[in-house]
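Worksheet: the structure to be examined is printed underneath.
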Amino acid sequence: MSLPSRVKIVEVGPRDGLQNEKLIVPAAIKIELIERLAAAGLSAIEVTSFVPAKWVPQMGDNDEVLRGVLSSPQRKPGVAYPVLVPNLRGFDSALEAGATEVAIFGAASESFSQKNINCSIAESLKRFDAVVDAASALEIKVRGYVSCVVACPYEGAIDPAKTAWVAKKLYEMGCYEVSLGDTVGAGTPASVQRMIEACAAHVPISKLAGHYHDTYGMAIANIYASLELGMAVFDSSIAGLGGCPYAVGSSGNVATEDVVFLLEGLSIKTGIDLDKLLAAGQFISQALGREPASKAAKALWSKRVS
Ligand code: HMG
Ligand code: MG
């Protein structure tokens, strides 16, 4: 199969990237980061999550950040600003802050589901069903996530059929897209392709997205392997920020800069301006007091400043 000619990148840095940071980043910095990402051409940016601050303290300013982004004079028309909601309570708060798109997040592993959202997979699907019903009545789009699609920090390898079963449930429930999360980043091109093939037997590949953490440095190879199967939506995080508070030791999502560099090299269109993206990565890295984790960003930035 030929590779897709165009790929959509869903930027998850402000949520997945920052949620694991101990240093609380001021809301104004998060808002400016999101504005910079939109200006760089990203058309979908996950802003925050509506979860209790005692579970994820960094997201405690969810209301302020979402309102700030949506009311900003810099707001770019046509950009989607989804937010994570684990249940109806989170959905109601997101709605109050003006959310027009939400994401629900389940798992292919029972243990991870318990640790991450404090309930079984079956119970989570009931909660998500209620969110999708409420959202569709208001014409709010819902994206679905499956975590631990190839491996779980507590259970080890996950059967692709289990991942496919959860992906199918989320799709049938009404999620417009299902993002497949390699939460621990242990997938390799072979295991990722097996998992995608299992999911694509139930959900059209055009409705699946790859969400790969880069713990073992495999994320770019896994994106290439997914492109080979026709997948054309990938989640990534500016400067490679991130990790999951309930998958200790797992590193950030694949860096957006690395993904754009790969896709440009393959002549695949993204609509993203790499220079502006690099500047956004520098901006948040400086706010956190460290260098971007992205190799492409480091190499390209050092050429720019030398
Ligand atoms: P719980 O403690 O079982 O909730 O948490 P509960 O229903 O028993 O309620 C306890 C209290 O929390 C109640 O308040 C609720 O009202 C309140 P009280 O009566 O005690 O005053 N509450 C809420 N408050 C604010 N917002 C809410 C909310 N819900 C209940 N939404 C819960 C269950 C799902 C809330 C919790 O487990 C949770 O928030 N977990 C989320 C953890 C998280 O954010 N993890 C990271 C995101 S997932 C991820 O990163 C993976 C992904 O990137 C893909 C990948 O890489 O694999 C997406
Ligand atoms: Mg993630």
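The values are calculated or read from the model by the stated rules, or taken from the named source; none is laboratory data. The model shown is predicted, which means the values in this text are computed figures rather than measured ones. FYI the Cβ positions are ideal-geometry reconstructions off the backbone, even for glycines, and counts take in every protein chain you see. Side chains are part of the model used for accessible areas, which takes the heavy atoms of the whole protein and leaves out ligands, DNA and RNA. Shrake-Rupley method; radii C 1.70, N 1.55, O 1.52, S 1.80 Å.
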Subset of the stretch 265-306 [touching a Gly at 6+ places or on another chain (Cβ under 9 Å) and of a type in the set (Ser, Thr, Tyr)]: Thr270, Ser294
Under the condition of being of a type in the set (A, V, I, L, M) and modelled with pLDDT of 95 or more, which residue from the stretch 1-23 is nearest to ligand 1 (Cβ to nearest atom)? Val12
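Could you tell me which residue of the stretch 159-183 is farthest from ligand 2 (Cβ to nearest atom), considering only residues that are in a helix (DSSP H, G or I) and in contact with a strand residue (DSSP E or B) (Cβ under 7 Å, 6 or more places away or on another chain)? Working first, answer last.
Filtering the stretch 159-183 for residues in a helix (DSSP H, G or I) gives 160-173.
When the remaining residues are screened for being in contact with a strand residue (DSSP E or B) (Cβ under 7 Å, 6 or more places away or on another chain), the result is 163, 166-167, 170-171.
Details: Thr163: 15, Val166: 15, Ala167: 15, Leu170: 15, Tyr171: 19 Å.
Restricting to residues being in a helix (DSSP H, G or I) and in contact with a strand residue (DSSP E or B) (Cβ under 7 Å, 6 or more places away or on another chain), the top hit is Tyr171.
Suppose the filter is within 16 Å of ligand 2 (Cβ to nearest atom), on the phi > 0 side of the Ramachandran plot and in a loop (DSSP other than H, G, I, E, B); does Gly271 pass it?
So Gly271 does not fit the description; no.
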Residue identified as part of a helix (DSSP H, G or I) and β-branched (Val, Ile, Thr) among Val25, Val102, Val47, Val69: Val69
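Table: residues versus (1) over 23 Å from Gly230 (Cα atoms); (2) aromatic (Phe, Trp, Tyr); (3) touching a Lys or Arg at 6+ places or on another chain (Cβ under 7 Å); (4) open to solvent by less than 40 Å² (accessible area, probe 1.4 Å).
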site	(1), (2), (3), (4)
Lys126	yes, no, no, no
Ala151	no, no, no, yes
Val166	no, no, no, yes
Val184	yes, no, no, yes
Thr188	no, no, no, no
What pairs come up if the first residue lies in the stretch 210-221 and is closer than 9 Å to Ser251 by Cα, the second is within 11 Å of ligand 2 (Cβ to nearest atom) and β-branched (Val, Ile, Thr), and their beta carbons are under 8 Å apart, counting only those six or more places apart or on different chains? His213/Thr183; His213/Val184; His213/Val254; Asp214/Val254; Thr215/Val184
Only one residue in Ile104, Ile9 is farther than 28 Å from Lys269 by Cβ, touching a residue at least 60 places away in the same chain (Cβ under 8 Å) and in contact with a strand residue (DSSP E or B) (Cβ under 8 Å, 6 or more places away or on another chain), so which one is that? Ile104
If we keep just the residues of the stretch 229-268 that are assigned to a loop (DSSP other than H, G, I, E, B), of a type in the set (Gly, Ala, Ser) and within 16 Å of ligand 1 (Cβ to nearest atom), which is farthest from the chain's Cα centre (by Cα)? Gly249
